[in-house]
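This report refers to the structure that appears directly beneath it.
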Amino acid sequence: MAETLDLSQFIERGDAGTAHMTLAVDGVDCAGCIRKIESGLSKLPGVIDARLNFTQRRLAVDWRDREIGAADIIQALQRIGYHAHPFAPERIEADDGRQANWLLKCLAVSGFAAMNVMLLSISVWSGNVSDMTQVTRDLFHWLSALIALPAAAYAGQPFFQSAWRALRTWQLNMDVPITVGVTLALALSLYETATHSVHAYFDSAIMLLFFLLCGRYLDLAMRRKTKVFAGNLASFKAEYAHRLDANGELTRLPVSGLHPGDSVLVRPGELIPADGTILTGSSAIDESLVTGETAARIVAAGATVYAGSINGSGALTLKVVAAGAGTLVEEVERLLDKATEAKSRTVRLADRAARLYAPVVHSAAALTCIGWLIAGASLHFAIVTAIAVLIITCPCAIALAIPAVQVVAAGQLFRSGVILNSGDAIERIAETDTVVFDKTGTLTLPDPAVDGSSIDPDLLETAARLALSSHHPLAAALARRASKRVPYTGAVEEPGRGVRASIDGEEARLGSAAFCGLSDAAPQTARDRDVSCIAFTHGGRTAVIPIRQSLRPDAIAVTRALAERGFDLMILSGDRAEAVGPVAERLGLKQWQAAVTPAEKIAVIELLKSQGRRVLMVGDGLNDAPALAAAHASLSPITAAHLTQAHADALFLGDRLAPVLHAIIVSRRARSLMRQNLALAVIYNALAVPIAVAGLVTPLIAAVAMSGSSILVTLNALRARLRGPSESIMQSKSGDDAVVTTAGMAEPLLSPAAQPIFAGHDNAELVS
Amino acid sequence: MNVLIYLVPLALLLGLTGLVGFMWTLKNGQYDDLEGAALRILPDDDIAP
């Protein structure tokens with residue numbers, strides 16, 4: 001093709017004519033791939049270095065700009081058998097990477113210090129019950145101080161900074177009591193060492209930091225992993241647009257590189273890349289992703305079209321416009337702002353615990369001090385005991401109780417194809433009691449599917465293989481049925497009409513009824529607006545292939561399982577009543593509303609809220625975005641519009657609806673484990689505080705109690721992994737369990753080629 | 001107990017060496033691709049037959 005590919009927004013220019021680019025690579029799943037890709041690229045003239053990061057499935061390439069171009073590199077990868085997509089790492093991802101490295105450094109320092117201080121402490125503890133002299137003990141304490149003080153100053157920074165941020169805004173978080181506890185423990189130990197005392201708590205302070213940093217790092221690592229994966233998926237999905245330049249040339253460039261005022265050519269079957277007004281051409285466009293409406297809209301010059309719609313039959317030229325006042329997108333964004341504001345008021349479980357915890361502990365310590373003074377103890381003893389109370393209640397277990405469960409549950413959700421967008425999503429999903437579904441693309445599959453029940457399988461296979469040569473969206477649905485993914489040679493596409501080829505010496509045609517000479521077959525099927533048809537002739541044989549929006553394969557089983565669990569279910573769709581009604585009937589849902597605008601969706605959700613319901617909204621269209629933000633918790637399929645994805649708490653992969661059920665089950669179990677963990681931490685404190693108040697806490701008791709309670713809550717969190725989500729769905733009494741099991745989903749993340757959005761790629765065979 | 005005079009510094013020095021080593025590997029990016037590292041040792045076509 002004569003058009004040029006413009007990837008300049010992804011390329012970093014170095015000095016001396018070198019360039020660097022990061023690519024997300026699809027289909028990398030074995031050791032051989034690393035070698036194949038790296039050696040294959042290194043052989044190209046001009047490529048300086050190619051390094052594949054297998055964990056992130058990303059490839060970093062450096063090349064000399066004069067000898068080879070970015071497009072050549074992507075083509076070379078395609079020849080080897082991999083689809084690569086240029087990738088611009090978001091800034092937030094780079095920040096996370098730096099943060100993770102910093103936490104790892106803090107963890108290493110505190111680990112080193114904890115080992116060495118403990119080495120000295122155990123010597124002191126055993127020396128105290130045998131024959132250690134005071135000089136040796138003092139030496140060991142001073143050595144501990146020498147290690148512990150600088151280490152705590154370095155490794156404690158994540159907590160100190162976070163506590164300071166909270167205090168500056170007059171708030172309390174878990175890091176405030178941690179900071180107070182660590183600082184006081186170190187100060188007291190230093191004083192005790194200087195006064196030749198028997199006890200010092202350097203080991204407690206350092207060990208506390210070490211345990212807490214473990215939790216922090218695991219938490220961040222989990223979130224980073226899902227973000228990297230979501231970033232790759234976004235780049236696989238990234239759409240390209242054909243820009244018409246002033247000199248009449250076509251440039252192919254990623255949609256993110258378009259600016260208002262650009263002219264764009266949209267061919268039949270392509271996605272409309274940006275909001276715009278039509279300059280020339282007319283067509284029928286499918287706006288199901290934008291409004292939920294499944295019937296096509298006829299547009300002509302002057303009409304406004306929205307990004308995300310699919311162009312049907314005719315070529316269009318658009319002028320890109322920014323989202324202006326009065327457009328649907330502007331309306332959606334305005335509603336979003338309001339809805340998001342309301343949501344930020346919910347308080348996370350951990351913060352609620354912290355608000356309760358800090359005042360209780362600090363007043364207990366103060367009371368201890370006053371109590372001992374009244375009882376006639378010395379000032380020194382009273383203060384030491386009060387600080388011991390603070391040290392032993394330092395919220396090691398409480399600070400681990402919730403993140404540990406979150407990490408385990410997020411990992412489990414990740415494996416069953418649910419990617420969390422926000423950290424507290426688990427808590428909020430667990431609290432929901434009403435599920436509101438969008439119809440198009442959520443209950444139904446995002447892409448229309450072929451209903452091949454009444455057609456000869458051989459004929460269908462031939463038609464499907466011929467469809468591989470077409471760019472029409474309906475043909476794409478048919479092409480997915482092809483078991484042999486090799487197009488026929490010599491197939492010719494006539495835009496707007498169909499494809500023809502010579503197969504086994506006979507002419508075959510696939511396309512509109514008229515194109516295939518079947519004009520009398522069309523009126524029969526045109527009655528039903530939800531069904532589109534493709535006609536096919538091969539030799540003497542003919543077929544009219546119906547293509548319709550079909551329900552997700554397990555939609556019935558999942559909605560039934562949800563209803564059995566006592567959820568209220570509802571459909572809110574932007575589509576017509578004739579399209580929504582039958583779906584609701586098949587799913588057995590009594591509550592449904594059709595032709596709902598984004599504002600009305602919010603109104604319904606607000607009404608449910610005012611009745612005390614907590615709503616889980618599941619939707620994919622642009623029109624669902626405000627409702628997703630307004631709901632208590634929200635889920636989106638990965639095929640959803642960009643803006644919608646950004647406002648969902650979690651995304652799910654694949655053709656099935658089961659991840660919605662998994663998300664609820666796993667979240668509920670996680671919430672009950674979080675509560676158990678908090679209860680365990682409270683029991684621990686109930687046992688430990690009296691000992692501390694009585695003034696009986698030695699450093700040995702503090703160390704055993706703190707590490708013991710931390711290990712206990714961590715082990716309890718790991719119980720979340722013991723039962724897989726598939727098992728608990730199997731226990732539900734729905735008739736067709738086999739449909740819901742996750743057998744095929746065990747590792748969806750390792751073979752992304754199995755996901756529907758990759759289905760069109762012709763390396764599907766290579767990956768199997 | 002005179003043995004402590006050189007044993008304690010020695011123990012600390014060993015520990016510090018480990019810490020410095022870890023920091024060096026971290027800075028070198030050796031933890032950026034843990035899964036890849038496990039797989040990269042498998043192909044043995046760098047060994048002459």
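Of the residues in region B:8-49, how many are over 18 Å from the mean Cα position of the chain (by Cα), assigned to a loop (DSSP other than H, G, I, E, B) and more than 9 Å from chain A (Cβ to nearest Cβ)?
5
In this structure, is A:LEU335 in contact with a strand residue (DSSP E or B) (Cβ under 9 Å, 6 or more places away or on another chain), in a helix (DSSP H, G or I) and modelled with pLDDT under 80?
When the stated conditions are applied, A:LEU335 does not pass them.
Determine, yes or no, whether A:ALA354 is surrounded by 14 or more Cβ atoms within 10 Å (Cβ to Cβ), within 30 Å of A:ILE711 (Cα to Cα) and either at pLDDT below 80 or in the same structural domain as A:SER197 (by TED's automatic domain parsing) (or both).
Values: surrounded by 14 or more Cβ atoms within 10 Å (Cβ to Cβ): yes; within 30 Å of A:ILE711 (Cα to Cα): yes; either at pLDDT below 80 or in the same structural domain as A:SER197 (by TED's automatic domain parsing) (or both): yes.
Yes, satisfied.
In region B:1-30, what residues are surrounded by 12 or more Cβ atoms within 10 Å (Cβ to Cβ) and modelled with pLDDT under 85?
B:LEU4 - this is the single residue of region B:1-30 that is surrounded by 12 or more Cβ atoms within 10 Å (Cβ to Cβ) and modelled with pLDDT under 85.
Applying the selection to region A:118-153, what residues are exposed (fewer than 14 other Cβ atoms within 10 Å of the Cβ), under 22 Å from A:CYS106 (Cα atoms) and within 13 Å of chain B (Cβ to nearest Cβ)?
Correct list: A:PRO150 only.
Counting only residues that are surrounded by fewer than 15 Cβ atoms within 10 Å (Cβ to Cβ) and either at pLDDT 80 or above or in contact with a Ser or Thr (Cβ under 6 Å, 6 or more places away or on another chain) (or both), how many does region A:251-260 have?
Taking region A:251-260 as the starting set, the residues that turn out to be surrounded by fewer than 15 Cβ atoms within 10 Å (Cβ to Cβ) are A:256, A:259-260.
Checking the rest, the ones that are also either at pLDDT 80 or above or in contact with a Ser or Thr (Cβ under 6 Å, 6 or more places away or on another chain) (or both) come to A:260.
Matching residues across region A:251-260 total 1.
Could you list, in sequence order, all residues of region A:567-612 that are aliphatic (A, V, I, L, M) and surrounded by fewer than 16 Cβ atoms within 10 Å (Cβ to Cβ)?
The answer is A:ALA577, A:ALA595, A:ALA599, A:ALA603, A:LEU607.
Quick check on region A:549-565. Is at least one of its residues assigned to a strand (DSSP E or B), at pLDDT below 80 and crowded, with 21+ Cβ neighbours inside 10 Å?
Residues of region A:549-565 assigned to a strand (DSSP E or B): A:551.
In the following step, the residues that additionally are at pLDDT below 80 were identified as none.
Checked region A:549-565: no residue is assigned to a strand (DSSP E or B), at pLDDT below 80 and crowded, with 21+ Cβ neighbours inside 10 Å.
Scan A:GLU12, A:GLU38 and give me the residue that is among the acidic types (Asp, Glu) and closer than 27 Å to B:LEU39 by Cα.
The match here is A:GLU38.
Which numbered condition trips up A:ARG64, out of (1) within 30 Å of A:GLU239 (Cα to Cα); (2) in contact with a helix residue (DSSP H, G or I) (Cβ under 9 Å, 6 or more places away or on another chain); (3) away from chain B (no Cβ under 14 Å)?
(2)
Which numbered condition trips up A:GLN99, out of (1) away from chain B (no Cβ under 11 Å); (2) at pLDDT 85 or above; (3) over 30 Å from A:ALA153 (Cβ atoms)?
(3)
The values are calculated or read from the model by the stated rules, or taken from the named source; none is laboratory data. Owing to the predicted nature of the structure, the values given are computational and were not obtained by experimental measurement. Cβ: placed from backbone, ideal geometry, glycine included. Neighbour counts: every protein chain shown.
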